[in-house]
Structure formats: C-alpha cells, structure tokens
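The values are calculated or read from the model by the stated rules, or taken from the named source; none is laboratory data. Keep in mind that this is a model prediction, so the values were computed, not measured. Backbone-built Cβ (ideal geometry, glycine too); neighbour counts: all protein chains shown.
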Amino acid sequence: MNAVTQSASKTCSLCSGKGYIQLLLGGSETCPSCGGTGKADRSFSSR
Ligand SMILES: [Zn+2]
C-alpha cells in the first residue's frame, strides 16, 4: 500500500506555499504562479 503521504494539495514550488515571493531588492510580491494561494493545484497552461 502507499504509505507515503505527501501534502494533500500540491505546494507551489515558486513560493514554497507561502503565496508570495521575496524580492531580492527587498519586499515581497504576490506569487505570480499561484496567485497568492500557495497551492499549485491550478497550474496555468504552459506556454
Ligand atoms: Zn506560489
């Protein structure tokens, strides 16, 4: 049986599930990948 249980919902790899990304110059910005939800269940169609 599958005993390995990963997070129920996929976590956005871009923001690590935080919903925002840290800018190098300082401050933070809403993650453009997940839109601030921190989840990657809704993946935008790859262009
Ligand atoms: Zn994200």
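Quick notes on this structure:
- Of all residues in the stretch 17-34, those satisfying the criterion of being surrounded by fewer than 15 Cβ atoms within 10 Å (Cβ to Cβ) and free of Cβ contacts under 8 Å to residues at least 12 places away in the same chain are 22, 23, 24, 25, 26, 27, 28, 29, 30.
- Residue in the stretch 37-45 that is among the aromatic types (Phe, Trp, Tyr) and modelled with pLDDT of 95 or more present: no
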